[in-house]
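Below is one structure, written out as structure tokens; comments come after it.
The values are calculated or read from the model by the stated rules, or taken from the named source; none is laboratory data. What you are looking at is a predicted structure, and each value in this text was computed from that prediction instead of being measured. No Cβ is skipped: glycine too gets one built from the backbone with ideal geometry, and neighbour counts run over all protein chains shown.
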Amino acid sequence: MLNLNNIQAKSATWDEPIEMLYACHGKIKNFCQQLLRLPEYLAQHGCNDVVRGSVAQILTYFNQAAPLHHADEEVDFFPLLQQYAPQSHDLIAKLAAEHDVLEENWRILAQELNAILLGDTVTLSAQNVAKFTQSYAQHIEYEEPLFEMGKQFIPPEKLRAIGKIMAQRRLG
């Protein structure tokens, strides 16, 4: 059975924005694992309540939380990291550009997931799922060392300040 309700993320607060960024990555990884299981599950069981609930959760996360996460990085964390660790500049430029690719991959996959929810199809392209999940896995692999740099170089009071901004972003 497909189970999307077992997302395990470290509990963090906005006073620890880097830990919140890690927590978002944990959720992304879990949703990607669930997406990888979805084509086979659909083939075996069709579109049932479990699938509809799971797909709705995935759509909500990547339509709402993922863009906020990217904004947290691009608007707040990356500029601050470059200020305190200028050696991060080239990798940050590469990762920021990858956000556009991730969003385009998501747009394609979201169309398929919405079609499943609407009952228009009971199939999901394993190729599109693999492209989406692999690009996120690679992106996270390159991005998380920057989080560690942030812990090392950014003063705690500066981190707390961007944590407040990141929390405010979610309030509207």
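Quick notes on this one:
- Residue 96 being in contact with an Asp or Glu (Cβ under 7 Å, 6 or more places away or on another chain), touching a residue at least 12 places away in the same chain (Cβ under 8 Å) and surrounded by fewer than 18 Cβ atoms within 10 Å (Cβ to Cβ): yes
- Search result, residues across the stretch 46-64 that are surrounded by 15 or more Cβ atoms within 10 Å (Cβ to Cβ) and under 21 Å from residue 98 (Cα atoms): 58, 59, 61, 62
- Only one of 23, 56 that is more than 17 Å from residue 135 (Cα to Cα), among the small types (Gly, Ala, Ser) and touching a residue at least 60 places away in the same chain (Cβ under 8 Å): 56
- Test: residue in the stretch 35-53 that is farther than 14 Å from residue 129 by Cα, within 13 Å of the chain's Cα centre (by Cα), in a helix (DSSP H, G or I) and free of Cβ contacts under 8 Å to residues at least 40 places away in the same chain: no
- Restricting the stretch 10-34 to residues that are assigned to a loop (DSSP other than H, G, I, E, B) and surrounded by 15 or more Cβ atoms within 10 Å (Cβ to Cβ), the residue that is modelled with the highest pLDDT: 16
- Among the residues here, residue 146 qualifies as surrounded by 18 or more Cβ atoms within 10 Å (Cβ to Cβ), among the aliphatic types (A, V, I, L, M) and at negative phi.
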